[in-house]
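Okay, structure first, notes after.
The values are calculated or read from the model by the stated rules, or taken from the named source; none is laboratory data. Because the structure is predicted, anything quoted here is derived from the model rather than measured. Cβ sites come from the backbone with ideal geometry, for glycine too, and all protein chains shown count toward neighbours.
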Amino acid sequence: MNCRIIDMRHKEVINIKDGTRIGCVCDIEIDTTDARVVAIVIYGRLRFFGLFGREDDIIIKWQDIQVIGDDTILVCYNNYCRTKKRSRGMGNLFGGS
């Protein structure tokens, strides 16, 4: 199965350990030296309609992906690797992170 990056953005990510919906793929990390996908990124949820930025992003490593289907991506992972993302929105005006 071939899949383009634009098609990945519309797929919902589900954890098969507990059945939780994690979100939709927003970005992909690529290792440019090896030309391979390293991880998928799910942006954090908006805080207060985006005025106070976002929660931390969720990064799921490629080896934790079990199945890539037509509409969903099933992952087997307990703890999501979260990265601190700079605040997007008016949170910077009030000293938000």
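Quick notes
- Identity of the residue in the stretch 18-35, surrounded by 10 or more Cβ atoms within 10 Å (Cβ to Cβ) and among the charged types (D, E, K, R), that ends up farthest from N78 (Cα to Cα): D31
Yes or no, residue by residue, for (1) assigned to a loop (DSSP other than H, G, I, E, B); (2) at pLDDT 75 or above; (3) out of contact with any His (no Cβ under 7 Å at 6 or more places or on another chain):
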position: I22; (1), (2), (3): no, yes, yes
position: D34; (1), (2), (3): yes, yes, yes
position: A39; (1), (2), (3): no, yes, yes
position: I59; (1), (2), (3): no, yes, yes
position: D70; (1), (2), (3): yes, yes, yes
position: N79; (1), (2), (3): yes, no, yes
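- Within the stretch 1-19, tally of residues that are touching a strand residue (DSSP E or B) at 6+ places or on another chain (Cβ under 7 Å) and either among the β-branched types (V, I, T) or not in a loop (DSSP other than H, G, I, E, B) (or both): 7
- Single residue of the stretch 41-57 satisfying the filter (closer than 12 Å to I22 by Cβ and either β-branched (V, I, T) or crowded, with 17+ Cβ neighbours inside 10 Å (or both)) that is modelled with the highest pLDDT: V41
- For the stretch 1-19, filtering for residues that are of a type in the set (S, T, N, Q) and modelled with pLDDT of 90 or more leaves 1.
- Taking each residue of the stretch 53-79 that is at positive phi and looking for partners that are of a type in the set (D, E, K, R) with beta-carbon atoms closer than 6 Å, six or more apart or interchain, yields G53/R47; G53/R88.
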